[in-house]
Each structure stands twice: as structure tokens, then as C-alpha cells.
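In what follows, a single structure is set out as C-alpha cells and then discussed.
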Amino acid sequence: MDRSVLIPLDEKRETITDFYFDKWDRDMDETRRELYTELHKIYGLIRKGVIRVPDTGYILELGVNRCVSFNELCDIFDVKRCVGFDLENVTRHPRVVTVDIRNMDDVLYPAALCVNEVGGWTVTPESRKAAYDWMISNMLPGGVVIEHSNEYSGWEIKEDLQAKGFKVVWMGPIHIVMKKL
Ligand SMILES: C[S@@+](CC[C@H](N)C(=O)[O-])C[C@H]1O[C@@H](n2cnc3c(N)ncnc32)[C@H](O)[C@@H]1O
């Protein structure tokens, strides 16, 4: 799928949910497969302890959609540590908070792991950036963030995170994993 032809959907909450809970489900099979495969690989490294996540702090996924990858986190970690966020909770997951991530400025969840899966840097740039800023401000020392790579996001995210005190622990074509020093 050519993501460059997509018009940003941030303006209306309904445009975002129509896309992610309808069109995205039907049209983006190939992209979704690649995303899930790589994320699953990273979660495998976390499960084995190759990527080390601190023993205290929340395990967060921003943008859970139908909880495919979030359920994997709930399986790896104590579920009481796990919290997911999205505009909708269509699977009625008990650990998912229904919220627009752009309204989370005053909410604190000190995090050991945070996966930013909110929309996309091209599709919903405003929401994705709000999630990114919120994520950075919630990370505990030693905490791990999972974001899209420079190539996939289209901007120098690695350098930005390095400037904000993170170091690279894993890189793939789609995702980058960085630890807060
Ligand atoms: C790529 S999907 C996430 C995929 C998911 N991690 C999975 O395992 O299937 C992106 C999600 O971000 C959510 N999202 C987009 N903008 C948002 C916003 N402003 N606040 C909260 N969630 C948002 C969408 O509703 C969508 O479910």
C-alpha cells in the first residue's frame, strides 16, 4: 500500500475510527502482516529476556485496535501491569482505556515498556506525535520504547530519541527499540 497518497485523518475522531476499525481491517493485509511479524519477533526477544524490560513500571501499548499485539504483552507480563489505549475498545478488553491520546497530557503512567502503535506517522501525524511525546515523558530509567524506524516513519526518530536520552537496543526495517538511560 502506498501510504504517501493517504490524507491525514486527524481532524475528526470518526474519520480515524472509520479507517482503523473498517478500511484498515479490509485493505491492509500485507502491511499488517509485516507489522505484526516484526512486532511479534521483538516481543519474542522480550519474552526471552534478550531485550530486558525493568521489573517495575507499567507495560503500555498506545493504539491497541483489536488487541492482537496487546494480548501478547498481557501474556508475557503480569496483566495488572499492562494498560492499552485507543479511541475504541471493540474487544471490551478489561485493561484497555478508551481515550483520545491527544487528551492525555495530565495523565501519568510511569512505564517500563511502551509501544507506540497509534495511527501512523503519515495517516494520523498529529495523534502519532502526541502519543510519541506522551510516551517519552512517561518512561522510567531503563524503560524500553518501541517506535517506527526512521525509514518507516519518514523522519529522524532515532536521532531525536538519542537526543532525549535513549539508546538503540534493536533495529529492524519497520521498528526501532530504544532504552532510556
Ligand atoms: C495500527 S493500529 C494499531 C494496531 C494494534 N496494535 C494491533 O495489534 O492490531 C492504530 C490504532 O491507533 C488508534 N488511534 C489513532 N489515533 C488515535 C488517537 N488520537 N487516540 C487514540 N488512539 C488512536 C486507532 O484507532 C487504531 O486502532
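Values in this text are rule-based calculations from the coordinates and carry no lab data. All of these numbers come straight from a predicted model, not from anything done at the bench. As a convention, Cβ positions derive from the backbone with ideal geometry for all residues, glycine included, and neighbour counts pool all protein chains shown.
Hey, among the residues in segment 127-148 that are assigned to a strand (DSSP E or B) and in contact with a Pro (Cβ under 9 Å, 6 or more places away or on another chain), which one's surrounded by the fewest Cβ atoms within 10 Å (Cβ to Cβ)?
Pro141
Is segment 64-75 home to any residue that is more than 25 Å from Trp121 (Cα to Cα) and either of a type in the set (A, V, I, L, M) or within 15 Å of the ligand (Cβ to nearest atom) (or both)?
Yes, segment 64-75 contains a residue that is more than 25 Å from Trp121 (Cα to Cα) and either of a type in the set (A, V, I, L, M) or within 15 Å of the ligand (Cβ to nearest atom) (or both).
Tally the residues that are more than 10 Å from the ligand (Cβ to nearest atom) and of a type in the set (Val, Ile, Thr), restricting the search to segment 92-120.
Residues in segment 92-120 being more than 10 Å from the ligand (Cβ to nearest atom) and of a type in the set (Val, Ile, Thr): 2 in total.
Only residues that are within 10 Å of the ligand (Cβ to nearest atom) and closer than 19 Å to Ser69 by Cα: list them for segment 121-147, please.
Passing the criteria: Arg128, Ala131.
Quick check, is Gly142 at positive phi and touching a residue at least 60 places away in the same chain (Cβ under 8 Å)?
yes
Take the conditions more than 12 Å from the ligand (Cβ to nearest atom) and either of a type in the set (A, V, I, L, M) or out of contact with any Cys (no Cβ under 7 Å at 6 or more places or on another chain) (or both) and apply them to Leu87. Does it pass?
For Leu87, the condition - more than 12 Å from the ligand (Cβ to nearest atom) and either of a type in the set (A, V, I, L, M) or out of contact with any Cys (no Cβ under 7 Å at 6 or more places or on another chain) (or both) - is not met.
Select the helices (runs of 4 or more DSSP H) contained entirely in segment 1-101, then report the ones holding at least 2 residues which are surrounded by 16 or more Cβ atoms within 10 Å (Cβ to Cβ).
Output list reads 29-48, 68-76.
Please go through segment 102-120 and give me each residue that is part of a loop (DSSP other than H, G, I, E, B) and under 13 Å from the mean Cα position of the chain (by Cα), ordered by number.
Glu117, Val118, Gly119, Gly120, listed by residue number.
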